[in-house]
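J.: First, the structure itself, so that you have it in front of you.
The values are calculated or read from the model by the stated rules, or taken from the named source; none is laboratory data. This structure is a prediction, so every number in the text was calculated from the model and none was measured. Backbone-built Cβ (ideal geometry, glycine too); neighbour counts: all protein chains shown.
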Amino acid sequence: MKVLFDIGHPAHVHFFRYIIRDLEKNGHDIKICVREREGIVKELLETYGFKYEELEENTPGLVNKMFTMFKNDRKLLKISKQFNPDLFVSVASPYAAQVGWLTGKPSIAFTNTDTASLIFALTVPFTDSIITPKKFTRDLGKKQIRINGFKELAYLHPSRFEPDSTVLNLLGVSTDEKYVILRFSSFDSSHDIGISGFTLEDKRELVKSLEPYARVFISSEVVLPADLEQYALKIPPHIILDVLHYASLLIGDSGTITSEAAILGTPTIVFHPLASKLNYLVELERDYQLMYIISEPSDVIRKAIELMQSPDIKCEWQRKQGTFLDDKIDITAFMTWFIENYPESKEIMINNPNYQERFH
């Protein structure tokens, strides 16, 4: 089977990394197409030894994104005619769905972002199957397949992720020293239009308030002012998950990295205008108490200090993490099976959704 993967975010690299490896191991022919974001998508792929073909970079602004869509559809169509894939796979990529439809080939899309209305309008009509978490709030019709798992488990499942403690040396922290990661998003995705996260003053206040309790590192998609640049987290992109694992606390205003930290068993606070509408963040908070969704910056600081003063907080979170992992399926194992056996796998899941339980 020939499978074309369309990747447009660093998290997509992690999501598909082991799926692609398993498919290649099983003799399938893979083509990876890339839309750069944050300057690290291609770096991650190269670090993991993947070859790829480049599409247009992700661009901020709705008008720019529309122009880029036409360019990407054209480029992807040209690549597809040469590669002739049997199947397109993506994380809700309109390009993969549209080009698959144009070439008469099926496409599989995964999404966990309930608020991505524009993406759904550009993807759902053209794709063949939409895989979502079980508690995804939208009904996407007959194409939707709900699974009892999180996107992040494709690469954070214990069978695949093993933290590397040497990252502590890179950070310059000792094994018993607490550190906090602050993550600031650029809010330039299509589902982020019209919303924002922490203000510059909020960011400064977070650093000032947390410094008495721990080392502070900032991971930012936007350029930091001089007074905050000294806190910038300067590491190779591929070790960020190890950094999150050993952190005492993660505070962020974006969905992916906060869910990653929580699933790794790190106390997490998310500050995002739409967080309470995102199924996967709400589930992590309400069902597993692995994170806090907070809407006021001052409340973020109060909760952060409370967590930093709590003894054995990491042990408590790791216990909660164990409960979470026991409940969920292995996403990589499921997705590999679903792709390899498509379209029969789609019919199996439609007729017997509980079939997925064998991937625990």
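J.: Just to be sure I understand, how many residues within region 219-260 are of a type outside the set (A, V, I, L, M, F, W, C), part of a loop (DSSP other than H, G, I, E, B) and farther than 25 Å from CYS315 by Cβ? Write out each step before concluding.
T.: So the first thing to find is which residues in region 219-260 are of a type outside the set (A, V, I, L, M, F, W, C), and the list is 219-221, 225, 227, 229-231, 234, 236-238, 242, 245-246, 248, 252-256, 258-260.
Narrowing the set further to residues that are part of a loop (DSSP other than H, G, I, E, B) leaves 221, 225, 230-231, 234, 236, 248, 253-254.
Now drop any that are not farther than 25 Å from CYS315 by Cβ, which leaves 221, 225, 230-231, 234, 236, 253-254.
Count: 8.
J.: Looking only at residues that are buried (at least 22 other Cβ atoms within 10 Å of the Cβ) and among the aliphatic types (A, V, I, L, M) in region 276-315, which one is modelled with the lowest pLDDT?
T.: LEU278
J.: Taking region 28-73 as the search range and keeping residues that are in a helix (DSSP H, G or I) and modelled with pLDDT of 90 or more, which one is nearest to PRO10 (Cα to Cα)? Break it down into steps so the answer makes sense when it comes.
T.: Within region 28-73, the subset in a helix (DSSP H, G or I) is 41-47, 62-73.
This time we only want the ones that are modelled with pLDDT of 90 or more, so: 41-47.
Working: VAL41: 5, LYS42: 9, GLU43: 9, LEU44: 7, LEU45: 9, GLU46: 12, THR47: 12 Å.
Among residues in region 28-73 that are in a helix (DSSP H, G or I) and modelled with pLDDT of 90 or more, the one nearest to PRO10 (Cα to Cα) is VAL41.
J.: Oh, and also: Give the residue that is nearest to LYS151 (Cα to Cα), with candidates limited to residues of region 300-334 that are among the β-branched types (Val, Ile, Thr) and part of a helix (DSSP H, G or I).
T.: Just the residues of region 300-334 that are among the β-branched types (Val, Ile, Thr), to begin with: 300-301, 305, 313, 323, 329, 331-332.
In the following step, the residues that additionally are part of a helix (DSSP H, G or I) were identified as 300-301, 305, 313, 323, 331-332.
On the way: VAL300: 26, ILE301: 29, ILE305: 30, ILE313: 25, THR323: 17, ILE331: 7, THR332: 9 Å.
Step by step, filter region 300-334, then rank; the result is ILE331.
J.: Something else: Filter region 74-119 down to residues that are in a helix (DSSP H, G or I) and over 20 Å from PHE338 (Cβ atoms), then give me how many there are. Please lay out each step first, then the result.
T.: Residues of region 74-119 that are in a helix (DSSP H, G or I), as a first pass: 74-83, 94-103, 117-119.
Okay, now just the ones that are also over 20 Å from PHE338 (Cβ atoms), so 74-83, 94-95, 98-99, 102-103, 117-119.
Count: 19.
J.: Can you go through SER117, SER107 and tell me which one is at negative phi, buried (at least 18 other Cβ atoms within 10 Å of the Cβ), of a type in the set (Gly, Ala, Ser) and not assigned by TED's automatic domain parsing to the domain that holds THR258? Reasoning before the result, please.
T.: Numbers: SER117 fails: buried (at least 18 other Cβ atoms within 10 Å of the Cβ).
Residue meeting the stated conditions: SER107.
J.: Go through region 335-352 and give me each residue that's in a helix (DSSP H, G or I) and closer than 22 Å to HIS28 by Cα. Let's see the steps before the verdict.
T.: Start the filter on region 335-352 by keeping residues that are in a helix (DSSP H, G or I), which leaves 335-340, 344-351.
Within region 335-352, MET335, THR336, TRP337, PHE338, ILE339, GLU340, GLU344, SER345, LYS346, GLU347, ILE348 qualify.
J.: Does ILE251 satisfy the condition of being without any contact (Cβ under 8 Å) to a residue 24 or more places away in the chain, within 18 Å of the chain's Cα centre (by Cα) and assigned by TED's automatic domain parsing to the domain that holds LEU307? Please lay out each step first, then the result.
T.: Values: without any contact (Cβ under 8 Å) to a residue 24 or more places away in the chain: no; within 18 Å of the chain's Cα centre (by Cα): yes; assigned by TED's automatic domain parsing to the domain that holds LEU307: yes.
No, not satisfied.
J.: Would you check if there is a residue in region 83-93 being among the small types (Gly, Ala, Ser) and in contact with an Asp or Glu (Cβ under 9 Å, 6 or more places away or on another chain)? Spell out the reasoning first.
T.: Residues of region 83-93 that are among the small types (Gly, Ala, Ser), as a first pass: 90, 92-93.
Adding the requirement that they be in contact with an Asp or Glu (Cβ under 9 Å, 6 or more places away or on another chain) leaves 90, 93.
Yes.
J.: Is at least one residue of region 292-303 farther than 30 Å from LYS42 by Cα and within 19 Å of the chain's Cα centre (by Cα)?
T.: First, the residues of region 292-303 that are farther than 30 Å from LYS42 by Cα: 292-303.
Those still in the list that are within 19 Å of the chain's Cα centre (by Cα) too: 292-293.
So far as region 292-303 goes, yes, one or more of its residues are farther than 30 Å from LYS42 by Cα and within 19 Å of the chain's Cα centre (by Cα).
J.: While we're here: Name the one entry in LEU182, LEU200, LEU210 that is at pLDDT 95 or above and closer than 20 Å to LEU274 by Cα. It would help to see each step written out before you state the result.
T.: On the way: LEU200 fails: at pLDDT 95 or above; LEU210 fails: closer than 20 Å to LEU274 by Cα.
Being at pLDDT 95 or above and closer than 20 Å to LEU274 by Cα holds for just one of LEU182, LEU200, LEU210, which is LEU182.
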